[in-house]
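J.: Next up is a structure, given as structure tokens.
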Amino acid sequence: MKLLFIIILAITTFQSCSTSSDDSMDSNQMNDSMPNDNSDNGTMDTNSGKLYMGDFMSGAHTTQGKATVNSEHTKLNFTNFKTDNGPVLNVYLATDTSVTSYMDLGALKGIEGDYEYDLPNNVDLSTYKYVIIWCVEYSVNFGYAVLE
């Protein structure tokens, strides 16, 4: 009976970050927390003062809510946010949903509610326009918002 419980627990844990399609990426494709381009580290925002916002869409897990950036481009806010729980979930700003190039904003502060994250100085939101809830342990995109 104890063995059966352990097996069920292991399967449930693995499924929490798995995805039905094979859109996960190899660990050698994952970047460090800073972008890897050569143009001013990808952090110059030529659209200073522009408002950015987007609705969360589901990736491998149901994700919803709104992502907004303040006019000074110093804060990223989640409102009415909700996603599934998973091991090691981080918030990334990325160039695409596959996190080809990204900035790590840190651990997801919660799976339901309103949250605020600090943005790097002068981040270029026209390049890093995807807000992604990323399962670090399994390289899975839980959900994302496109900042427009």
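The values are calculated or read from the model by the stated rules, or taken from the named source; none is laboratory data. Since this is a predicted model, take the numbers as computed values, not measurements. Note that each Cβ is placed from the backbone with ideal geometry, even for glycine, and that neighbours are counted across all protein chains shown. Only protein heavy atoms, including side chains, enter the accessible area calculation; ligands, DNA and RNA are left aside. Shrake-Rupley method; radii C 1.70, N 1.55, O 1.52, S 1.80 Å.
J.: Using a probe radius of 1.4 Å on heavy atoms only, what accessible surface per residue do you get for the stretch 47-148? Whole Å² is fine.
T.: With the other protein chains kept in place, the stretch 47-148 gives 43 Å² per residue.
J.: Moving on to the next point. Quick one: ranking 55, 84 by accessible area, 1.4 Å probe, largest first, what do you get? Could the numbers behind the result be given before it?
T.: Working: 55 90, 84 60 Å².
Largest accessible area first, the residues go 55, 84.
J.: Between residue 66 and residue 90, what is the spin-label point distance in nm, taking each point 7 Å from the Cα along the Cα→C-beta axis?
T.: Reported label-point gap for residue 66 and residue 90 is 2.9 nm.
J.: Leaving ligands, DNA and RNA out of it, report the carbon-plus-sulfur percent of the accessible area of the stretch 39-148 at a 1.4 Å probe.
T.: On the way: 2190 of 4960 Å².
About 44 percent, which is the carbon plus sulfur part of the accessible surface.
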